[in-house]
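A quick write-up on the structure given underneath.
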Amino acid sequence: MRVKPRFKDIATVRSGLKKENYLADDGIAGVVYLADRLGKPVLIEGPAGTGKTQLAKSVADMTGARLIRLQCYEGLDESKALYEWNYKKQLLRIQSDKKSDSWSEVHDDIFSEEFLLTRPLLEAITSEEPVVLLIDEVDRVEVETEALLLEILSDYQVSIPELGTITAKQIPLVFLTSNNTRELSEALKRRCLYLHVDYPDLEREKEIVLNKVPDISDNLADQIARIVRSIRQLDLKKAPSVSETLDWARTLMLLGIETIDEKEAKETLHILLKYQTDIAKAAKELSVTK
Amino acid sequence: MPVLDLMSGFIVELRNAGLPVSLTENLDAMEAVKVIPIEDRDAFKYALGATLVKNNAHWRVFETIFEVYFSLRGPEYEITQDGQPDDFWREMQEQIDQVKGQGEGKGSGGGMDSLTPEEIAAMLMRALMSGDQAMMRALAKQSVQRFAGMEPGRPVGGTYYLYRTLRNLDLDNMLQKLMDANREMSNQQLSSLEERLEKDEFESRIEQFKQEVESEIRRRLVADRGAEAMAKTLRKPLPEDVEFMHASRDEMQSLKKALYPLTRKLAARLTRKRRHGRKGPLDFRNTVRHSLSYGGVPADPKFRYPRPSKPELMVVADISGSVAAFARFTLMFVYAIQNQFSKVRSFVFIDGIDEVTKFFKSTEDIGEAINRVNTEADVVWVDGHSDYGHAFEVFFERHGKDINSKTTVLLLGDARNNYHAAQSWVVKEMRKRARHVYWLNPEPKSYWNTGDSIVGEYGAHTDGVFECRNLRQLESFVENLA
């Protein structure tokens, strides 16, 4: 089952991601490379809006694989994550020719793959073509539901009582993201490589802005990155995320602003910050320096 | 030392520092090391981090230990500077000459060793000004060599050397100097926004330089004493294990940072607990009503789910010197999850007592409210030494009538009463009226009831006295409370 590795070395991962407009730092590229080599899932944690989900998407694009996404939410269960029997079809099968089949034949027949509805997890491992599986916001499911994931994460297989065990045809790259609203179970963490994606540093953020916002001047991007860094150092309820930085950059572009001065910064702060107390604090901090 | 030995020593040290490294994770790390070339330090570090550290709060500890065990062995860290690439060396020499040219005009040669401390400071300022990384690193090395006064075998901690080095470089005034120089250089008046940005930039550079110095000191110490001994002296508690009463300023910062995510998680857990509580008894009326739609067959049994009421909380905290930090953290903690309680009221005292609920009501910013508590609350009655007895008496007189069967009273403090009258009957009265009365004590249990601590006397009248020395203990207490 061991397929040949997808990436030659870490630098390949990095340049590949860059081509997909995702600027990875050493840590990110290194962990993606390791995930491929060791055949292990990656658990990505970090503040909201730092490109956790985007990483999975970009890796899928880079490798030309299909992205299968399982969005987690409270109350997610087996029938929505793994598989479900197609009851209606089974009923039809039973009713269609009542006389011809014996019971055992019908029984064997209605629990065959034809009547199985695959859900994202099963689909990811039965797929013939390469896939990237993204399990998004895994911290939203209950602790008990996490157990559903364990078999597939460690052995890449799913056990269905009526059918037996289905093993993966190829090992997919698996990404789990978490916003860290609760502590994930030890069992889950143990099976994964851990990657913490934090707010990017100054240079990387500037590069991201330059990359994602067309026609922005180097000077403006630099100024944006620096202001955002200063704001993040304040003690805020919610620090601005990368996506908010990008929104802000786009807004400034639309307004035709070339260099940010205090007034403009204050007037557009609400794009970066979403709480009134935060906005007031940032406005105060940015204007009074001495 | 072969990598394998180094690895196992490294992992033992991680476990000693309190990181939960399991056997499988250990094996994963070994696998990972196989596919990552050890020469690539950064990749190597991230590979070990990804396999061994599954909690971001532990990353700092991991980084320190990693540095001690691995980073310091690379060729670029040779202590003698023979291995320097030529052009870099030449460039630096030029810079040195430049500085010297401005100075007394001594002849060049002899590298950095011939520089006076003032010249080094001047060079550092130029490096910080231009953000020249290589120069900063070289200067960090040089200044440690010059100023730290390290002697082999001397049993002194790294912080001592750090202090000595930084004192000689006068880093405290460096920021101001940089700002002044910057203002001179730019011709037009800087707007306050620009100035602020410049300041942040310089601050981060200075911080970076400090870290260079620190790691240089560490590297020398490791070379002197060996990795294992060094790791032991560097061992720092994880944020959740830092003791409130003895936290340094840095640790306070990291505690504050750890507090918010912790409360968020706790709140999520408590909400969930409340919603998915145990199944209640059969709700007969509801079941019959729903059975009508099935023709009178009770096909869909309905249950009565218990709705535990949210407790009302009264926090009474001693904020005198030694336990102030603990009181602050507990107040922050309680207010961060205040929607888990139906009502929170808070009181602070030293020998007088004052209600501070209003500070938290008037602002959304808990940090600011805490600051106001420290500065504005009227807590001194006679001499500003803790007097639990008097404070409790006044509290009971003024607010005793508000304590009812829904109220949980939290008393915070070390119960070091300076030999005043205990007035423990107040606590007894409180307990009669309240749902629960708990005492949280930030001192280690072995210190209780020693000296002027009378926690036992008060404790006898409460529903429980809990040791609450660190965030971990505080969290688990609050979880059981709500």
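Only the coordinates and a few stated rules stand behind these numbers; no lab work does. None of the values given here were measured: they were computed from a predicted structure. In this analysis, Cβ positions are derived from the backbone assuming ideal geometry, glycine residues included, and neighbour counts consider all displayed protein chains.
Approximating the spin labels as points 7 Å out from Cα along Cα→Cβ, the A:Asn219-to-B:Ser192 distance works out to 2.4 nm. One decimal place: the segment B:Glu63-B:Thr116 gains 15.7 nm when fully extended, by the rule 0.36 nm per residue minus the C-alpha distance. Normalised Debye scattering of region A:202-287 at q = 0.16, 0.18, 0.22 Å⁻¹ gives log10 I(q)/I(0) of -0.54, -0.69, -1.04, counting only Cα atoms as equal scatterers and leaving out solvent.
When the listed pairs B:Lys406/B:Lys432; A:Lys238/A:Lys266; A:Lys57/A:Lys238; A:Lys8/B:Lys34; B:Lys265/B:Lys310; A:Lys40/B:Lys54 are checked against a 20 Å cut-off, the alpha-carbon distance exceeds it for A:Lys57/A:Lys238.
Calculated on C-alpha atoms, the gyration radius of region A:1-137 divided by its Kirkwood radius gives an Rg/Rh of 1.15. The A:Val106 and B:Thr24 beta-carbon pair, evaluated with R₀ = 35 Å, returns a calculated FRET efficiency of approximately 0.20. Adding -39500 (n - 2.57) for every DSSP H run of four residues or longer, then dividing by how many residues chain A holds, sets the calculated 222 nm ellipticity at -14500 deg cm²/dmol. Take the Cα of A:Glu183, step 7 Å toward its Cβ, do the same at A:Tyr275, and the gap between the two points is 2.4 nm.
Summarising the overall dimensions of the protein assembly as shown from its C-alpha atoms, the Rg and Dmax are 31.2, 111 angstrom. The translational diffusion coefficient of region B:309-481, from Stokes-Einstein at 37 °C and 0.692 mPa s with a Kirkwood hydrodynamic radius over alpha carbon pairs, comes to 207 µm²/s.
Efficiency by 1/(1 + (r/R0)^6): what FRET value for B:Glu457 and A:Glu128, r their Cβ-Cβ distance, R0 = 56 Å, to the nearest 0.05? That gives a FRET efficiency of 0.15.
Modelled spin-label separation between B:Ser130 and B:Thr375, with each label point placed 7 Å from Cα along the Cα-to-Cβ direction: 4.3 nm. Over region A:81-172, the reciprocal of the mean inverse Cα-Cα separation, the Kirkwood hydrodynamic radius, stands at 15.0 Å. Of the trypsin sites (Lys or Arg not before Pro) found in region B:379-482, the ones in coil according to DSSP and having at most 16 other Cβ atoms within 10 Å of their Cβ are B:Lys406, B:Arg435. Dipole check for the protein assembly as shown: with +1 at the C-beta of Lys and Arg, -1 at the C-beta of Asp and Glu, and the Cα centre as origin, the magnitude is about 2760 Debye. Expressed per residue, the C-alpha convex hull volume of chain A stands at 167 Å³.
Based on the Cβ-Cβ distance of A:Lys169 and B:Arg289, what FRET efficiency does E = 1/(1 + (r/R0)^6) give at R0 = 51 Å, to the nearest 0.05? Plugging the Cβ-Cβ distance into 1/(1 + (r/R0)^6) gives 0.45.
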